[in-house]
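Note sheet for the following structure.
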């Protein structure tokens, strides 16, 4: 199946009523647009911004709008998830053509966006004859001499709130809070929080710089916004440049930053990589290349758990402001009574952290539409979201760094972007996960000791967890990867691996020990379980690209990956024939989607990794 290519051409910006600068573009021949407005900076600071910074802001805004302009297919995509990976051919005029036409800049830009979104952006830059105008995207604040010591990306969530408090109280910094919003609900949350900080810590210590991005009617077709973090980082860097600084800080706990499946209810391109160590490195390298001097994006909370972040807020005397923060992913359906849905992984993570830190009294239960322990999770996806979170946490409680590497081979791409040596980084990450796991397990144990399992209603988290615990599906890292499955159906292949992936038995009769084939199938099996653990439809199960398999299988290039796939298929045909199956049966095991990658056929296999 060919990846659909979309043609994008950026048009000259237009100024509309209200002062918003409207960035217009054509998308497959249809005109679309996005409004951008940056507030609170004074004219002197804005006048420092050179043309290539304005170019960068426009590129990031266009990328964000293009990302939203076509659906990825959603959960009911009938094309095996192919719509989740898109290609955009973008023609854009820029003021600094010599910079943007450089191969190294284009390569870093396109590869960064590919890692963030799973989409391929191909840029063609042409000269923009419009004179530079650094002020057109800005609403000016007071002309004063206030100077920031630190630039912090401020979402209104617990982590960024704790980060701002540390910057001001512990480091004595004057902080510029860069916040992005596209909805009034989020803008109010951010404004209220910064006012609460300013009221108690003096307003001279911070300045809120709100940024509004509004997609025009007909532009919003996709709500995952995988490239939003790129726009956010660019706006942070632009403000850093205006203040003469060379560093921007995102604050997010390490468990979320790592985003190891199935910790969250997002997989494949839906898995956020906002503060993943590789994202941080790619952002830093890209901006340093553009500005031709070192610029850094940092995440000071990478080695902290959510529980430790919450404890930081309490330690700094702001526990009573916790209720003003927001973590929920379902902003659209939030209400004044229930600002948190209680179903998404962010809400579940927040609530467990509050209980683990003993601070739940500052996070009212009535703020959640679905209570963590007593709420009914009627939807199958909601049930799997909660269960996979707890299963993973149980596995993490006693995980060693060798188990971490075995169960999550993708971790190798993480440690390469950390400052410590590989083994030291693995040990620190394992320690981080153990602390997170211990906190969640402690909350679950305390809850389940408070009453018998039967006293919890069906489809509540304690009742569901108690059932799978009794069935032996939790308690070690391997079992945490096993998702509940229905009874076997005709034409299904049960794939049973040993814990190290050295031996595979299919349907109890086909035994495979060939190292190369086992290693390949074991990697695909783990990726398969990430989708199964989230209760996804078959078409949405994640793929492993040739590039990812190159790392996992420790091969030199994607040509060797294709060779491994081909040889393994040949071996499987022979093995299946010997066991009385057909070659066609063997061929369906490994599914290939052109340009997207490889996976086990979701509708034909069921996977178990034993102890």
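Assorted remarks:
- The lone exception for residue 593 - which of (1) under 29 Å from the mean Cα position of the chain (by Cα); (2) within 20 Å of residue 513 (Cα to Cα) it fails: (2)
- Residues being without any contact (Cβ under 8 Å) to a residue 24 or more places away in the chain and under 30 Å from residue 464 (Cα atoms) - total across segment 414-444: 1
- Filtered residue count, segment 1-34, keeping only those that are modelled with pLDDT of 80 or more and under 17 Å from residue 211 (Cα atoms): 3
- Picking from residues in segment 486-504 that are at pLDDT 90 or above and within 20 Å of residue 577 (Cα to Cα), the one that is surrounded by the fewest Cβ atoms within 10 Å (Cβ to Cβ) is 503.
- Options 301, 232, 287: the member that is modelled with pLDDT under 95 and buried (at least 20 other Cβ atoms within 10 Å of the Cβ): 232
- Residue match in segment 535-546 (condition: assigned to a helix (DSSP H, G or I), surrounded by fewer than 17 Cβ atoms within 10 Å (Cβ to Cβ) and in contact (Cβ under 8 Å) with a residue 24 or more places away in the chain): yes
- Residue match in segment 257-268 (condition: over 21 Å from residue 58 (Cβ atoms), in a helix (DSSP H, G or I), within 12 Å of the chain's Cα centre (by Cα) and modelled with pLDDT of 90 or more): yes
- On the stretch given as segment 369-389, residues that are under 23 Å from residue 311 (Cβ atoms) and either touching a strand residue (DSSP E or B) at 6+ places or on another chain (Cβ under 6 Å) or at pLDDT below 95 (or both) total 1.
- Search result, residues across segment 471-485 that are out of contact with any helix residue (DSSP H, G or I) (no Cβ under 6 Å at 6 or more places or on another chain) and at pLDDT below 55: 475, 476, 478, 479, 482, 484, 485
- Residues that are assigned to a strand (DSSP E or B), crowded, with 20+ Cβ neighbours inside 10 Å and at negative phi, drawn from segment 566-605: 591, 598, 599, 600, 605
- All positions within segment 304-327 that are in a loop (DSSP other than H, G, I, E, B) and surrounded by fewer than 21 Cβ atoms within 10 Å (Cβ to Cβ): 316, 317
- Residues of segment 344-368 that are closer than 20 Å to residue 388 by Cβ, modelled with pLDDT of 95 or more and not in a helix (DSSP H, G or I): 368 alone.
Residue-wise test of (1) within 21 Å of the chain's Cα centre (by Cα); (2) surrounded by 15 or more Cβ atoms within 10 Å (Cβ to Cβ); (3) farther than 19 Å from residue 609 by Cβ.
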| site | (1), (2), (3) |
| --- | --- |
| 376 | no, yes, yes |
| 388 | yes, yes, no |
| 397 | no, yes, no |
| 402 | no, no, no |
| 410 | yes, yes, no |
| 420 | no, no, yes |
| 438 | no, yes, yes |
| 441 | no, yes, yes |
| 454 | no, no, yes |
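- Exclusive hit being at pLDDT 90 or above, assigned by TED's automatic domain parsing to the domain that holds residue 564 and under 32 Å from the mean Cα position of the chain (by Cα), set 519, 539: 519
- For segment 115-147, residues that are in contact with a strand residue (DSSP E or B) (Cβ under 6 Å, 6 or more places away or on another chain), modelled with pLDDT of 70 or more and either buried (at least 22 other Cβ atoms within 10 Å of the Cβ) or part of a strand (DSSP E or B) (or both) total 7.
- Filter result for residue 354 (surrounded by fewer than 21 Cβ atoms within 10 Å (Cβ to Cβ), closer than 20 Å to residue 447 by Cβ and under 24 Å from the mean Cα position of the chain (by Cα)): no
The values are calculated or read from the model by the stated rules, or taken from the named source; none is laboratory data. Being a predicted model, the structure only gives us computed values, none of them experimental. Neighbour counts are summed over all protein chains in view; Cβ atoms, including those assigned to glycine, are modelled from backbone coordinates with ideal geometry.
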